[in-house]
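To start, the structure itself, in structure tokens.
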Amino acid sequence: MDELEFKIKTAAKFLAKIPDFVPARQEQELEENTQGFLFFASGGIEIVKRSINDKFGIFDRKNVFYIHGLRKNLSDKGAQKRAKTIISNYFSTPRQLKSRIDVSKSSLWRLQSLRNQAMHGNMINIHGKTMTFSYTIHQGQNTYYFVQKTQNPHRYFTHMLDNLEKFTTQIDAILQST
């Protein structure tokens, strides 16, 4: 099993422990499994970033960088442009459209945002049978906040894992074709 496959399979193991309902009085267990899922899923993203860097020589191999910095440094031609487009399809910052937030191309952006929140403390907020996730968007000088809610945390995170698997498959196809 390679490193990427290990990260995704381990994330899936933690995801399997996340229930399809918000459990009463099991907040700590839910937090642990959610953080484990986010940690390993984000680790998969880090491996893909290194693979893109290694293939195209965008950054120093030891440099720690964000996916947006990597995307900005990819060229607008050929395989690099295709990789750039795929990154945008999963890591776009949610956009404010009048009174609503468009999150259609941001599932892995949200995954990384939640992972960052988990690194700084607990990220689980439960209100009755609903789990809420708070996000902050910085656009220029403006800061926006939005909240997503779910009564089915397993489905919420399954969507993220499914998109991570699609993303890694699409990027791998590009890297293998060059």
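Would you confirm whether or not segment 159-171 contains a residue that is over 19 Å from Ala12 (Cα atoms), at pLDDT 90 or above and in contact with a strand residue (DSSP E or B) (Cβ under 8 Å, 6 or more places away or on another chain)? Looking through segment 159-171, none of the residues is over 19 Å from Ala12 (Cα atoms), at pLDDT 90 or above and in contact with a strand residue (DSSP E or B) (Cβ under 8 Å, 6 or more places away or on another chain). Counting only helices (runs of 4 or more DSSP H) wholly contained in segment 70-178, the ones carrying 3 or more residues that are polar (S, T, N, Q) and touching a residue at least 40 places away in the same chain (Cβ under 8 Å) occupy 153-177.
Report yes if some residue within segment 43-61 is charged (D, E, K, R), in a helix (DSSP H, G or I) and in contact with a Leu (Cβ under 7 Å, 6 or more places away or on another chain); otherwise report no. For segment 43-61, residues charged (D, E, K, R), in a helix (DSSP H, G or I) and in contact with a Leu (Cβ under 7 Å, 6 or more places away or on another chain): present. The combined condition, being closer than 21 Å to Met160 by Cβ and touching a His at 6+ places or on another chain (Cβ under 8 Å), is fulfilled by Pro19. Count of segment 98-133 residues, restricted to those that are at positive phi and either among the small types (Gly, Ala, Ser) or crowded, with 19+ Cβ neighbours inside 10 Å (or both), is 2.
Which one is modelled with the highest pLDDT, of the residues in segment 46-64 that are loosely packed, with under 12 Cβ neighbours inside 10 Å and not charged (D, E, K, R)? The qualifying residue modelled with the highest pLDDT is Gly57. Determine whether segment 29-42 contains at least one residue that is in contact with a Phe, Trp or Tyr (Cβ under 6 Å, 6 or more places away or on another chain) and β-branched (Val, Ile, Thr). Scanning segment 29-42 turns up no residue that is in contact with a Phe, Trp or Tyr (Cβ under 6 Å, 6 or more places away or on another chain) and β-branched (Val, Ile, Thr). If you go through segment 65-92 and keep only what is surrounded by fewer than 18 Cβ atoms within 10 Å (Cβ to Cβ) and at pLDDT below 90, you end up with Phe65, Tyr66, His68, Gly69, Lys72, Asn73.
The values are calculated or read from the model by the stated rules, or taken from the named source; none is laboratory data. All of these numbers come straight from a predicted model, not from anything done at the bench. Reconstructed Cβ throughout: ideal geometry from the backbone, glycine too, with neighbour counts over all protein chains shown.
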